[in-house]
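Everything below concerns the one structure shown next.
The values are calculated or read from the model by the stated rules, or taken from the named source; none is laboratory data. What you see is a predicted model, and the numbers here were worked out from it, not measured in a lab. FYI the Cβ positions are ideal-geometry reconstructions off the backbone, even for glycines, and counts take in every protein chain you see.
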Amino acid sequence: MLIGPSGCGKSTLLRLIIRILSPDSGRVLFDGMEVTATNVAALRHRTGYVIQDGGLFPHLTARENVLLLPRHLGRTPAEMELRIGELCALTRFPEAAMNRYPAELSGGQRQRVSLMRALVLAPELLLLDEPLGALDPLVRIALQRDLKEIFTRLQQTTILVTHDLAEAAYLADEIVLMKEGRVVQKGTLSDLRDHPAEPFVTEFIEAQRSLTFA
Amino acid sequence: MKRLLVITLGGLICGHAVAAKPVVIGSKKFTESYVLGEIASRAIRRAGLETEIRAGMGGTIIVWEALRSGAISCYADYTGTIAEEILKQPNLKSEDEIRAELAKFGIGMTAELGFNNTYALVLRRDVAERMHLRSINDLKNHPELRFGLTHEFLDRKDGWRPLAERYGIGTTNVRGIDHGLGYDGLKRGEIDLKDAYSTDAKIAENELVTLVDDQRFFPQYKAVFLYRLDAPAAAIDALQQLSGTLNEERMTKLNAEAERTKNYAHAADIYFHNENSTSTAAESFSSRLTRWTLRHLQLAGISLLLAILVGVPLGIVASRGGFAGSAILAFASTVQTIPSLAILALLIPLPFFGISVRTAIAALFLYGLLPIVRNTATGLQSIAPSIRESAIALGLNGRARLFQIELPIASRTILAGIKTSAVINIGTATLAALIGAGGLGEPIISGLNLNDHRTILEGAIPAAILALLVQWFFDGLDRVLIPRGLRL
């Protein structure tokens, strides 16, 4: 779980991992292998990526959005239909709504479709960039619950970016707090609260608390 | 480079072979030129050859280039124009001197047809009589006279300023006015004098008189036919025989007849002593309209297709910015600012183009380019970064991203650009008639010259309807081509 104030480099870090941005210096290792311009395409197929507003393609239905990549890679229709069934069940999305266009879906539904699209190839790494950031509180809480269940079922490496400490504490095994492009501290919420690595950690936690209860 | 040369040579040879079949006659876009073109056509046909007329071509340079390139075999012009505008040697005085210069271009000139169509100053007969005005010399004593002169006459080296200097006319009561409107101004008494061509039928029609040029200021504009030296001998012979057969009075009468009947061919028939001609109205209006419209659609359609094939890829490159991107947009915008007649004039001297349908299509293609390039670039650039990023993160390659994501999402904007181009092309295609490429511009240009609204509308109304139909067609196409998800 990546957390930190706006502009601290959380999203940039995700973009560096799948090389939407290429690093000025340093290396990104994926499963021990350096991510380079030549192997990134294959690595992207092993990664799922969801962004704040979903990034769904408006000219394609939910189904077409999810199946774009498998189709591109030549999966059989039967295989893909099976996968759609599984994913709809997993993300609690009504299969009948799969033929709708993004413009016909609610914000929460769009994020579920976006998650399906990210999961369709059963990636080894899931990258979620503020996936709940644009949702209203009620939808957000429902989706948080569902996400937690999904994470538990899939048991796969997931990096989620958020600026909401409560969300991080609820969903994460490990919280990574960032500031101005560097990692400040890693650990559970209690680690951070009880053994802050520097004053900024306490400051950040206090600010979040006052925000929540104000 | 070698291949280009071969194609060019091929084009020249083919062009030549085609030109050798019917004798193609050109004319400029004013009444007398149309009539002389029809007369030449009849004379050559009487000699047993096939003819074809490219009527109403836009100006001296265009007709001259057409003659030089072999797109036409002959047309009528005037000695003054040949010396000043074509050869740019105003001091060539005798016909033989001019003929010798023309021969260097492979062009021949007949002996004069028998009339001199020079500039003249004209005024209403009643005004002339009341003020005792007979010659240009008399103007000196009447500084109160109001002059309404054409813009060309105001600028020409044989026009107003040198004329006023030579005759010592000190008036400042001069303004520029359109030729056709000037006659109305004379009639209503808003101006007293204007410039005119001496054989202009409107002089007699409006009861005007010509002032005598006592000092012989105006150069001689004796009508002649120019022809290619490699034209069929029988055709050249037929043109030569026309020499000396048309005096000023007769030409003025034929011009008047053409303007009265709105029919140049009829005037030519009168020349051949066939007053009650019937052959001229052979082609019915509906058949003419079909011919114009089909040609018009052909011109606009082919050029639009080319503009799409070239414009969309250029737009894709332009959308990526950088030097190439700005260069493409700058080029397309610059082309749009060049007046259409200038584009035609620029293309005509190039090999492969010349006076042909190809040139008209190329000019329309260039005009159609900008909306398509710009809209393609804008459409692609305005795709949300999150969508672009999602497509990259999915691991789609550039090609798949372009064809499956970016172009479909930009399709509405791109189609809007194509629609704009199509409508512009339908409008601009009327200019093709200026280089004899036909289309609905043919009646428009000839109607403008005759000041005949009916003839203008024969071309203008179908062109407007065509533009509307094209608009509707593309609106329908939107429904088919723009993905449903984008229309919600």
Residue under evaluation B:Glu129, criteria (1) closer than 24 Å to B:Ala201 by Cα; (2) within 21 Å of the chain's Cα centre (by Cα), criterion not met: (2)
Contacts under 6 angstrom Cβ, first residue in the stretch B:389-411 being within 7 Å of chain A (Cβ to nearest Cβ) and part of a helix (DSSP H, G or I), partner crowded, with 22+ Cβ neighbours inside 10 Å and of a type in the set (Ser, Thr, Tyr), 6 or more apart: B:Ala393/A:Tyr49
In the stretch B:355-388, residue surrounded by the most Cβ atoms within 10 Å (Cβ to Cβ) [restricted to those that are within 14 Å of another protein chain (Cβ to nearest Cβ) and not in a helix (DSSP H, G or I)]: B:Ile383
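Can you tell me which residue among A:Ser22, A:Ser11 is assigned to a helix (DSSP H, G or I) and polar (S, T, N, Q)?
A:Ser11
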Matching residues, the stretch B:414-454, being of a type outside the set (A, V, I, L, M), assigned to a helix (DSSP H, G or I) and closer than 27 Å to B:Ala71 by Cα: B:Asn425, B:Gly427, B:Thr428, B:Thr430, B:Gly441, B:Glu442, B:Pro443, B:Ser446, B:Gly447, B:Asn449
Count - residues of the stretch A:156-190 that are out of contact with any helix residue (DSSP H, G or I) (no Cβ under 8 Å at 6 or more places or on another chain) and in a helix (DSSP H, G or I): 1
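For every residue, the table says whether it meets (1) touching a residue at least 12 places away in the same chain (Cβ under 8 Å); (2) within 14 Å of another protein chain (Cβ to nearest Cβ); (3) in contact with a Leu (Cβ under 8 Å, 6 or more places away or on another chain); (4) of a type in the set (Phe, Trp, Tyr).
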position	(1), (2), (3), (4)
A:Ile84	yes, no, yes, no
A:Ala89	no, no, no, no
A:Gln109	yes, no, no, no
A:Ser114	yes, yes, yes, no
A:Ala118	yes, yes, yes, no
A:Leu147	yes, no, yes, no
A:Ile150	yes, no, yes, no
From A:Leu29, A:Leu21, A:Leu14, residue being closer than 22 Å to A:Leu119 by Cβ and among the hydrophobic types (A, V, I, L, M, F, W, C): A:Leu14
Test for B:Phe353: is it in contact with a helix residue (DSSP H, G or I) (Cβ under 8 Å, 6 or more places away or on another chain) and free of Cβ contacts under 8 Å to residues at least 40 places away in the same chain: yes
Residue within the stretch A:55-68 that is in contact (Cβ under 8 Å) with a residue 60 or more places away in the chain and not aliphatic (A, V, I, L, M) present: no
The lone exception for A:Glu79 - which of (1) within 9 Å of another protein chain (Cβ to nearest Cβ); (2) over 19 Å from A:Thr158 (Cα atoms) it fails: (1)
Positions within the stretch B:374-409 being of a type in the set (A, V, I, L, M, F, W, C) and touching a His at 6+ places or on another chain (Cβ under 7 Å), in sequence order: B:Leu396, B:Ala400, B:Ile409
The stretch A:25-52 - residue that is part of a loop (DSSP other than H, G, I, E, B) and within 13 Å of chain B (Cβ to nearest Cβ) and, of those, farthest from the chain's Cα centre (by Cα): A:Thr38
Filter pass, A:Asn65 being buried (at least 21 other Cβ atoms within 10 Å of the Cβ) and within 12 Å of another protein chain (Cβ to nearest Cβ): yes
Pick from the stretch B:412-451, criterion within 14 Å of another protein chain (Cβ to nearest Cβ) and among the hydrophobic types (A, V, I, L, M, F, W, C), ranking: surrounded by the fewest Cβ atoms within 10 Å (Cβ to Cβ): B:Leu415
Counted residues, the stretch B:84-105 - those being crowded, with 19+ Cβ neighbours inside 10 Å and under 19 Å from B:Gly58 (Cα atoms): 2
Some residue of the stretch B:26-43 being assigned to a strand (DSSP E or B), modelled with pLDDT of 90 or more and under 17 Å from the mean Cα position of the chain (by Cα): yes
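To keep it simple, each residue is scored yes or no on (1) at pLDDT below 90; (2) touching a helix residue (DSSP H, G or I) at 6+ places or on another chain (Cβ under 7 Å).
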residue	(1), (2)
B:Tyr271	yes, yes
B:Asn274	yes, no
B:Ser286	yes, no
B:Ile343	yes, yes
B:Leu364	no, yes
Tally, over the stretch B:190-235, of residues that are part of a helix (DSSP H, G or I), touching a Lys or Arg at 6+ places or on another chain (Cβ under 9 Å) and β-branched (Val, Ile, Thr): 0
Residue list for the stretch A:2-24, filter: within 12 Å of chain B (Cβ to nearest Cβ) and among the charged types (D, E, K, R): A:Arg15, A:Arg19
Helices (runs of 4 or more DSSP H) fully within the stretch A:62-155 counting 3 or more residues that are within 17 Å of B:Ala393 (Cα to Cα) and modelled with pLDDT of 90 or more: A:62-72, A:107-119
